[in-house]
Amino acid sequence: MGNSFICRRKKDTKDNNGTSKRVGGRSQRKMLAEEELLHRQALSMALHQHQLSQRFDGSMSRRIGSTSSRRHTDPLANNEKKVVESLENIKFKRIVLIHGEGFGAWCWYKTIAQLEEVGLVPTAFDLTGSGIDLTDTNTVTTIAEYSKPLTQYLETLPEDEKVILVGHSSGGACLSYALENFPEKISKAIFLCATMVSNGQRPFDVFAEELGSAEHFVQESQFLIYGNGRDKPPTGFMFEKQLMKGLYFNQSPTKDVALAMVSMRPTPLGPIMEKLSLSPEKYGAGRRFYIQTLDDRALSPDVQEKLVRENPPEGVFKIKGSDHCPFFSKPQSLHKILVEIIQIP
């Protein structure tokens, strides 16, 4: 199994330093045991979050009921109560959380709990071929296919209902696609260090500064996946784990990184290489907000600044000390900004 740790250690030999070698061996065994425990905890957390993904649009009563006793002693309870009261008159409380490349609904587990606590109704689901969706990633070739879980959700909304969309990283392309095709269903669109492209741009173009041109990436990248054979165009990509850790998780807690390492999947290549057609009448009329992450190595602050300069949103917010995954590295700051944007009239 790809998720298993394979550990090899040279056989101890007897010499004058036998005692120190035995001590060193015990120390190494302890370290390996701790690493294995962390791995098991991450697997357990991943399974738990996958189960939660089945109820991400569940009722508020379960969450509030299970935490009512804690609120009486929580020193932040008064602040939380004020936030709840300030959100009571908000008309649209449904928030749809869209993950980025390689991630799934599981990555929002902290954000979902925090939003539920203040009376909002968050929903997260796996895009096609992501998370625990069983679709073969190699068969997903267009943004329309990739975004299908989102568009199906929007299609089933009551006529008088709107949602707030939050898109992370390349998930921003799904937000743009939704704004163009379902403008009447979306109250606000929040791009979280995301690919907020302009008309005629590919989502991949946003990452070109870090990864090179799309043409060069397709021809030369060692991270490509050829699901239809080496003689056919590549169908997906996935970074090597150590590179992924450096790009995405340079400030994230160890346990969340471990969770990501056992949960992330390859990303379909077609959707991020597709040029979006965005009109001023639909996409351009939508209310867009951008959240910048200032310690981001996957999408640098300079690139994010360029995005908002070239395609200005209604508001720009910044999270200091956050890597590319603020739902892990700065969950409280992200929550505070999301609530602030939701309250903007």
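The values are calculated or read from the model by the stated rules, or taken from the named source; none is laboratory data. Fair warning: this is a prediction, and the values are worked out from it, not measured in the lab. Glycine also receives a Cβ, built like all others from the backbone with ideal geometry; neighbour counts cover every protein chain displayed. Calculation scope for accessible area: heavy atoms of the full protein, side chains included, ligands and nucleic acids excluded. Shrake-Rupley method; radii C 1.70, N 1.55, O 1.52, S 1.80 Å.
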Residue list for segment 223-264, filter: closer than 24 Å to Gln332 by Cβ, outside any helix (DSSP H, G or I) and open to solvent by 30 Å² or more (accessible area, probe 1.4 Å): Asn250, Gln251, Pro253
State whether the residues of segment 299-315 include one that is surrounded by fewer than 22 Cβ atoms within 10 Å (Cβ to Cβ) and aliphatic (A, V, I, L, M). yes
List the pairs whose first member sits in segment 134-146 and is free of Cβ contacts under 8 Å to residues at least 24 places away in the same chain, whose second member is open to solvent by less than 70 Å² (accessible area, probe 1.4 Å), and whose Cβ atoms are under 8 Å apart, counting only residues at least 6 apart or on separate chains? Thr135/Thr128; Thr135/Gly129
A careful count of residues in segment 168-207 that are within 20 Å of Ser300 (Cα to Cα), touching a Lys or Arg at 6+ places or on another chain (Cβ under 7 Å) and open to solvent by 20 Å² or more (accessible area, probe 1.4 Å) gives 2
Of everything in segment 220-250, what is under 24 Å from Ser322 (Cβ atoms), over 16 Å from the mean Cα position of the chain (by Cα) and of a type in the set (S, T, N, Q)? Give them in sequence order. Gln242
